[in-house]
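The values are calculated or read from the model by the stated rules, or taken from the named source; none is laboratory data. Quick caveat, the model's predicted, so the values are computed rather than measured. Here the Cβ positions follow ideal geometry from the backbone for every residue, glycine too, while neighbour counts run over all protein chains shown.
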Amino acid sequence: METTEAGLIARILAGEKELFHELIRPYERMVYLTLFAIVKSETDAEDGAQDAVINAFRHLASFRGEAKFSTWLTTIAINEGRKRLRKAKGAAEQSMEEQEESHEGDFTPAPLTDWREIPLEALERKELREALRVAVAELPDIYRQVFTLRDLEELNIEETAQALGINPGAVKVRLHRARMMLQKRLAPFLKTTAPGRKGFFGRAL
Amino acid sequence: MKLDCKHVWEHISEYIDKTVDAKLRQDIERHLEHCEICSAILDSTRNILVLTADDRTFELPVGYSKRLHERLAKELASSGKNPVEE
C-alpha cells in the first residue's frame with residue numbers, strides 16, 4: 001500500500017476519498033494559522049480553514065505536483081483568507097495585494113544593555129507567549145503574513161514567496177522587518193528576565 | 001572589513017537563516033565576539049523565533065481538528081465516487 005504523500009493523493013484520486021482525512025492531518029495547524037494571519041479572528045479563521053480544506057479536496061485533481069502539496073494547500077488557504085477579507089472590508093477598502101513595504105519606518109532592533117542569556121525556563125513564561133501573540137497580531141498585514149508562513153509554519157523563502165505571490169527578495173525584506181519589529185516590541189519582556197537592578201525604594205529599574 | 005553595529009543589524013535576519021555569504025558571516029562573527037549589544041540582539045531575536053515555533057505559543061481553538069474532520073466527513077459522504085475530477 002502506498003502511504004507516501006504522493007501515493008495517498010493518487011489513491012484519493014482513484015476513489016479512496018476517505019484517505020483525504022489522513023492526507024490533510026499533518027497540515028491542519030498550518031491551514032488554520034495561515035487563515036488566522038490574514039483574517040485575524042479565531043472564528044473566521046476556523047470557518048475559513050474548513051472551507052480551504054474542502055476546496056483542496058474538491059480541486060485535488062488540479063494538484064500536479066510541481067509545487068509541494070503543503071505550498072499548494074497554503075496557497076488555497078491564502079486565497080480563502082483574502083476572499084474573506086475582501087468580503088468583510090468591501091471593495092472600497094484598500095486590498096491587501098496593493099499594500100507594499102513602506103520605505104518609511106524604523107526597523108532597527110532594540111539594544112538590550114543589561115542583557116543576559118535567557119534561561120530556557122524564562123521562555124516558558126506564559127506572559128512572554130502572550131506578549132508574542134499580541135505583537136504578531138499587531139504587525140502590519142504584509143509583515144505578519146510573511147512571518148507566519150516563514151517562522152511559524154516554517155516554509156522556506158521560496159515556498160513563502162510562491163504561496164504569497166511575491167518575489168523571494170520581498171520575502172527576505174519583510175521577514176527581516178517583521179523580526180526586528182518583534183524584537184523591539186518584546187525587548188522589555190526579555191530584559192526583565194535578567195537580574196533586575198534596584199532603583200529607589202527597592203523597585204526594579 | 002570591520003563592520004559597525006548598524007551593518008550587522010541589517011543582516012541579522014539573513015545571518016540567522018544562514019543565507020549570508022561566507023565572508024560576511026565571518027565579519028559578523030568577528031563583530032559579535034566583542035560587541036555585547038549585537039550579541040544580545042541576535043540572542044533575543046533567536047529566542048523569539050524559538051518561542052514562535054513552539055506549538056504552545058500559537059494554539060488552535062479547542063476542538064478545531066474534530067470539527068474540521070466532521071465537516072470533511074460530510075463533504076466526502078455527499079460527494080460522488082469520483083468527486084475530485086475537475
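For (1) closer than 28 Å to A:LEU128 by Cα; (2) in contact with a Phe, Trp or Tyr (Cβ under 8 Å, 6 or more places away or on another chain); (3) more than 7 Å from every other protein chain (Cβ to nearest Cβ), each residue gets a yes or a no:
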{"residue": "B:CYS5", "(1), (2), (3)": "yes, no, yes"}
{"residue": "B:ILE16", "(1), (2), (3)": "yes, no, yes"}
{"residue": "B:VAL20", "(1), (2), (3)": "no, no, yes"}
{"residue": "B:ARG25", "(1), (2), (3)": "no, yes, yes"}
{"residue": "B:THR45", "(1), (2), (3)": "yes, no, no"}
{"residue": "B:LEU51", "(1), (2), (3)": "yes, no, no"}
{"residue": "B:GLU70", "(1), (2), (3)": "no, no, yes"}
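Could you check the range A:157-192 and list, in sequence order, the residues that are crowded, with 22+ Cβ neighbours inside 10 Å, touching a residue at least 60 places away in the same chain (Cβ under 8 Å) and among the basic types (Lys, Arg)?
Result: A:ARG174, A:ARG177.
Out of all the residues in the range A:117-166, which are at pLDDT below 95 and of a type in the set (Lys, Arg)?
Of everything in the range A:117-166, those that are at pLDDT below 95 and of a type in the set (Lys, Arg) turn out to be A:ARG125, A:LYS126, A:ARG129, A:ARG133.
Any idea which of B:ILE37, B:ILE16, B:ILE28 is under 24 Å from A:GLU154 (Cα atoms), surrounded by 12 or more Cβ atoms within 10 Å (Cβ to Cβ) and hydrophobic (A, V, I, L, M, F, W, C)?
Step by step, each of B:ILE37, B:ILE16, B:ILE28 is checked, and only B:ILE16 is under 24 Å from A:GLU154 (Cα atoms), surrounded by 12 or more Cβ atoms within 10 Å (Cβ to Cβ) and hydrophobic (A, V, I, L, M, F, W, C).
B:TYR15 versus (1) touching a helix residue (DSSP H, G or I) at 6+ places or on another chain (Cβ under 9 Å); (2) part of a loop (DSSP other than H, G, I, E, B); (3) not polar (S, T, N, Q): which is the lone unmet condition?
(2)
Exactly one condition in (1) more than 7 Å from chain A (Cβ to nearest Cβ); (2) farther than 30 Å from A:ALA14 by Cβ; (3) not hydrophobic (A, V, I, L, M, F, W, C) is false for B:LYS66; which is it?
Looking at each condition in turn, B:LYS66 falls short on (2).
Take A:ARG64 and decide whether it is surrounded by fewer than 17 Cβ atoms within 10 Å (Cβ to Cβ) and closer than 14 Å to B:LEU72 by Cβ.
no
Can you pull out the helices (runs of 4 or more DSSP H) entirely within the range A:1-85 that have at least 2 residues that are away from chain B (no Cβ under 14 Å) and modelled with pLDDT under 95? Walk me through how you get there before you give the answer.
On the way: elements: A:5-13, A:20-24, A:28-39, A:42-58.
Counting at least 2 such residues, we get A:5-13.
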